[in-house]
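Right, one structure below, let's go through it.
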Amino acid sequence: MALPPGVTETDFVDGLAAMRSAVGSEWVFDQPADLNTYRDFYSVLWGEPEEKMASAAVAPANVEEVQQVVRIANERRIPIYPISTGRNLGYGGSAPVLNGSVVVDLKRMNRIIEVNEANCSCLVEPGVSFFDMYRHLEESGSKLMMSVPDPGWGSLVGNALDSGGGYTAAGYRGHFEAVCGIEAVMADGELLRTGMGALPGSETWQQYRMGIGPCLDGLFRQSTLGVVTKMGFWMFPKPEAYLSASVEVMRFEDLEELVEIANELEYANLFNGMPGFSSPVLTRANPIVMAMVPEPEEMNRLVGETGLAAWSFSPNFYGPEKVIRAQWEYVQSRFAHIPGVRFNETGSLRLPISADEMERIHKPRFGIPSLEIFNVGSRGYGDFNPSDGHIWFSAVIPRSGKGIVEANRVMRRECERLGLNLFMFAPAVTCWTRSFVLFAAVPVYKDERNAHLREAVSEIIGICAEHGWGEYRCPPAFMDSVMDAYSFGDHKLRRVNEQIKDALDPNGILSVGRYGVWPERFRAGRDA
Amino acid sequence: MRLLLASAALVALGCGAVAAQQVARTGPGAEELQAGKRVYAHWCAPCHADVPSLAGTMSLAVKYEGSDIPAALEDRTDLPAPVISVFVRNGVAWMPPFRKTEISDADLAQLNAYLTAPLEDRGAHVPLLAEEMVRMQEGGE
Ligand SMILES: Cc1cc2nc3c(=O)[nH]c(=O)nc-3n(C[C@H](O)[C@H](O)[C@H](O)COP(=O)(O)OP(=O)(O)OC[C@H]3O[C@@H](n4cnc5c(N)ncnc54)[C@H](O)[C@@H]3O)c2cc1C
């Protein structure tokens, strides 16, 4: 039997027995065949002694059972690791960060507690998937849409807690940004409600996010501080129409201004959809991999030779048709002075979406979940396939033309030097308000190639940090290095996180090690 | 793991690959297969439905290129239940394993019953969720 670190066999056996009586014995798993299903299928440590694996898994059905499980663990100092749907592929799957933790699998808690049409919000349990929510909304004739990530099998709660992103309107597509109200079981087994949820009888839990005093929702983002059992979200009313467009410029030198004007337009709410920034000429070989940005003369020569634009900005609009047409017209007027600028309308439709349209659209732009994205790994693009999975590398870079060019060049150059293959590379993803996140997908294999991959990615984390770029999210194998890069004030950020951790979870049982925050008892071994 | 999957594949071949037969696939299918069909629709179809661009279907099309084994799982008649179970619980290529909190053993048994039933009993192919919802909306208008 694999034991969690720091736990005696007696305590572990006794703890699992207590958990069995709390949740029912069929919902406690400790046999290898079952634990195999909790492994991170895209782990960069697959099959190695350091692979992070669950020693057991327990699946409570309601809040009371979660409280019991947490209390049982706390009394015996058994590390537990809550997951909602556990589909965090590319960022850790359903495996814990600390090897030997007991995974608390919340998939069975799958109630959509409320969709409030008048308030345009919902309150859900952790096991509710994007597929479940979409079906519920459509079957109930809802006027609302839920922002979804590319894979639809994940959960509103787990995805938001890891700070996931979708493709819909501003304020909704950065999924944690749309959270309003959290209920969590704390390490002592007590229940906390944030915001207006703390005021008994309030009807405003999903209206006013902050409540009184410090806003505690942030305690649960990428954290180690509680087991979230309910979460509220603001939802976007389905628009009458949708329009996507592009502004293309023909010179290397135009990028800075393109981004600057686009930013101003977005921050002034002149378009509300997710903007795209790319380079048609540098993605001509592969639409999901931007090539190295060459010197200006070379880039301009390529533009002349191919007729493809140097850069593109693609605004998207949701709203009444009249309004979004006027917005698009205004957007064009702001770029009209750039020599050679080209404007294209790339798609438009009126809702509801027809069966024909459904086959053509990128579904997540309309809050429609699917698993279509997975074809990138099935020979959809590139010649690296078949790999055994991939990890995401995703760093926050400055939202400017210079940011795009520098991040592109540094990443391309360093990946080439380190022999790191990328099968998706987009330097300026805009899910999260006011930022660019550089995204790279690195193929992983279930063999010795992973050792090199780990070294290379660690090196790249360091190189990005030297440029002032930090990751917004990462797989467990890199969490310590990524947190290390946020080092201002002699790592004050991490140290304050540790102080909060020790105060709220003195026995150090919850989500140990997640995003580089370790409880006192495991801190010494952090760098081991 | 590799070994396990390799032997599962051998078992599959040993059972004899059956060509996609020209069987009418209409209607809901046999009553006793409906539970399994729902499991298939929710958990498998998003990648394995009869749409060439879906990950599972695309991978299997490459894998079985040149053979008469169909790419869509719902058209397969050569998969014995134990093989299906091995793939569901162990994953393969990019497909991760499915946990018992997602597909319970009882669900898996239903799924196996559906995917091993004669084609004529399976009824029409399941729609993808988005397709099902659009049809429902259009039908309701
Ligand atoms: C091909 C591909 C494309 C992807 N595209 C996207 C995308 O477009 N957008 C995106 O955001 N992601 C994307 N991902 C990453 C990932 O698959 C999704 O973010 C997915 O939704 C996360 O899994 P989940 O929802 O099941 O969360 P979970 O795995 O349940 O949760 C993630 C983590 O949050 C914590 N957590 C979860 N629930 C709780 C709880 N109740 N209490 C306390 N802590 C908790 C745990 O630490 C857990 O490990 C992609 C992955 C792949 C492979």
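Is the range A:290-307 home to any residue that is more than 16 Å from the ligand (Cβ to nearest atom), touching a residue at least 60 places away in the same chain (Cβ under 8 Å) and under 24 Å from the mean Cα position of the chain (by Cα)? Walk me through it before giving the result.
Residues of the range A:290-307 more than 16 Å from the ligand (Cβ to nearest atom): A:290-307.
Restricting the remaining residues to those that are touching a residue at least 60 places away in the same chain (Cβ under 8 Å) gives A:290-293.
If we keep only those that are under 24 Å from the mean Cα position of the chain (by Cα) as well, we get A:290.
Within the range A:290-307, one or more residues are more than 16 Å from the ligand (Cβ to nearest atom), touching a residue at least 60 places away in the same chain (Cβ under 8 Å) and under 24 Å from the mean Cα position of the chain (by Cα).
Residues in the range A:93-132 that are touching a helix residue (DSSP H, G or I) at 6+ places or on another chain (Cβ under 6 Å) and away from every other protein chain (no Cβ under 14 Å): A:V97, A:I112, A:V124.
Matching residues to (1) away from the ligand (no atom under 16 Å from the Cβ); (2) open to solvent by less than 50 Å² (accessible area, probe 1.4 Å):
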| residue | (1), (2) |
| --- | --- |
| A:G197 | no, yes |
| A:M210 | yes, no |
| A:P214 | yes, no |
| A:G218 | no, yes |
| A:V227 | no, yes |
| A:K238 | yes, no |
| A:E248 | yes, yes |
| A:M274 | no, yes |
| A:R284 | yes, no |
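Which residues, counting only those in the range B:121-140, are open to solvent by 50 Å² or more (accessible area, probe 1.4 Å) and either closer than 14 Å to B:H48 by Cβ or facing chain A (nearest Cβ under 8 Å) (or both)? Before the answer, list the steps.
Looking only at the range B:121-140, we keep the residues that are open to solvent by 50 Å² or more (accessible area, probe 1.4 Å), and these are B:121, B:125, B:131-132, B:135-140.
Within the range B:121-140, B:H125, B:E131, B:R135, B:M136, B:Q137, B:E138 qualify.
Yes or no: A:P287 over 28 Å from A:L438 (Cβ atoms) and not assigned by TED's automatic domain parsing to the domain that holds A:S84? For A:P287, the condition - over 28 Å from A:L438 (Cβ atoms) and not assigned by TED's automatic domain parsing to the domain that holds A:S84 - is not met.
Can you say whether A:Y318 is more than 16 Å from the ligand (Cβ to nearest atom), open to solvent by less than 30 Å² (accessible area, probe 1.4 Å) and in contact (Cβ under 8 Å) with a residue 60 or more places away in the chain, as far as the supplied structure shows? Judged against the criteria, A:Y318 is a match. Looking only at the range A:63-77, decide whether some residue is in contact (Cβ under 8 Å) with a residue 40 or more places away in the chain, of a type in the set (G, A, S) and outside the structural domain of A:F130 (by TED's automatic domain parsing). Within the range A:63-77 (the criterion being in contact (Cβ under 8 Å) with a residue 40 or more places away in the chain, of a type in the set (G, A, S) and outside the structural domain of A:F130 (by TED's automatic domain parsing)), the answer is yes, since at least one residue qualifies.
Would you confirm, using the coordinates I've provided, whether A:L191 is open to solvent by less than 10 Å² (accessible area, probe 1.4 Å) and touching a residue at least 60 places away in the same chain (Cβ under 8 Å)?
Numbers: open to solvent by less than 10 Å² (accessible area, probe 1.4 Å): no; touching a residue at least 60 places away in the same chain (Cβ under 8 Å): yes.
The answer is no for A:L191.
Every listed requirement among (1) under 30 Å from A:F317 (Cβ atoms); (2) away from chain B (no Cβ under 14 Å); (3) among the acidic types (D, E) is met by A:D188 save one, (1). When A:W518 is tested against (1) assigned to a loop (DSSP other than H, G, I, E, B); (2) touching a helix residue (DSSP H, G or I) at 6+ places or on another chain (Cβ under 6 Å), exactly one condition is not met: (2).
Looking at this structure, is A:P427 open to solvent by 60 Å² or more (accessible area, probe 1.4 Å) and under 22 Å from the mean Cα position of the chain (by Cα)? Show your work before the answer.
Numbers: open to solvent by 60 Å² or more (accessible area, probe 1.4 Å): no; under 22 Å from the mean Cα position of the chain (by Cα): yes.
Here the answer is no, as A:P427 does not meet what is asked.
Restricting the search to strands (runs of 3 or more DSSP E) fully inside the range A:82-187 and requiring at least 3 residues that are in contact with a Leu (Cβ under 9 Å, 6 or more places away or on another chain), away from the ligand (no atom under 14 Å from the Cβ) and in contact (Cβ under 8 Å) with a residue 40 or more places away in the chain gives A:112-116.
Kindly indicate whether any position in the range A:169-181 is open to solvent by 10 Å² or more (accessible area, probe 1.4 Å), within 14 Å of chain B (Cβ to nearest Cβ) and over 15 Å from A:P369 (Cα atoms). No, the range A:169-181 contains no residue that is open to solvent by 10 Å² or more (accessible area, probe 1.4 Å), within 14 Å of chain B (Cβ to nearest Cβ) and over 15 Å from A:P369 (Cα atoms).
Residues that are within 9 Å of chain A (Cβ to nearest Cβ) and buried (at least 18 other Cβ atoms within 10 Å of the Cβ): which helices (runs of 4 or more DSSP H) entirely in the range B:31-120 hold 2 or more of them? Give the steps one after another, and end with the answer.
Numbers: elements: B:34-39, B:45-48, B:55-63, B:81-90, B:105-116.
Counting at least 2 such residues, we get B:45-48, B:55-63, B:81-90.
Could you check, for the range A:403-418, whether at least one of its residues is within 11 Å of chain B (Cβ to nearest Cβ) and either more than 21 Å from A:L243 (Cα to Cα) or in contact with a Leu (Cβ under 7 Å, 6 or more places away or on another chain) (or both)? Within the range A:403-418, none of the residues are within 11 Å of chain B (Cβ to nearest Cβ) and either more than 21 Å from A:L243 (Cα to Cα) or in contact with a Leu (Cβ under 7 Å, 6 or more places away or on another chain) (or both). Every test in (1) outside any helix (DSSP H, G or I); (2) away from the ligand (no atom under 14 Å from the Cβ) is passed by A:E406 save one, and that test is (1). Since A:G513 meets every condition but one in (1) within 16 Å of the ligand (Cβ to nearest atom); (2) in contact with a Phe, Trp or Tyr (Cβ under 8 Å, 6 or more places away or on another chain); (3) over 12 Å from A:L98 (Cβ atoms), which condition does it not meet? Evaluating A:G513 over (1) within 16 Å of the ligand (Cβ to nearest atom); (2) in contact with a Phe, Trp or Tyr (Cβ under 8 Å, 6 or more places away or on another chain); (3) over 12 Å from A:L98 (Cβ atoms) leaves (3) as the failure.
Is it the case, given these coordinates, that A:G152 is more than 19 Å from A:L106 (Cα to Cα) and either buried (at least 23 other Cβ atoms within 10 Å of the Cβ) or at pLDDT below 95 (or both)? Spell out how you get there, then give the answer.
Values: more than 19 Å from A:L106 (Cα to Cα): no; either buried (at least 23 other Cβ atoms within 10 Å of the Cβ) or at pLDDT below 95 (or both): yes.
Taking the combined requirement at face value, the residue does not satisfy it.
Yes or no, residue by residue, for (1) in contact (Cβ under 8 Å) with a residue 12 or more places away in the chain; (2) over 18 Å from A:V44 (Cα atoms):
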| site | (1), (2) |
| --- | --- |
| A:V457 | yes, no |
| A:H467 | yes, yes |
| A:A477 | yes, no |
| A:F488 | no, yes |
| A:G508 | yes, yes |
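Within the range A:10-24, identify whether any single residue is within 14 Å of another protein chain (Cβ to nearest Cβ) and more than 11 Å from the ligand (Cβ to nearest atom), and answer yes or no. Yes, the range A:10-24 contains a residue that is within 14 Å of another protein chain (Cβ to nearest Cβ) and more than 11 Å from the ligand (Cβ to nearest atom). Taking the range A:378-437 as the range and being polar (S, T, N, Q) and at pLDDT below 95 as the test, the residues that pass are A:S378, A:N385, A:S387, A:N421, A:T433.
The values are calculated or read from the model by the stated rules, or taken from the named source; none is laboratory data. Quick caveat: nothing in here was measured; it's all calculated off a predicted structure. As a convention, Cβ positions derive from the backbone with ideal geometry for all residues, glycine included, and neighbour counts pool all protein chains shown. These accessible areas exclude ligands, DNA and RNA; they are computed on the full protein's heavy atoms, side chains included. Shrake-Rupley method; radii C 1.70, N 1.55, O 1.52, S 1.80 Å.
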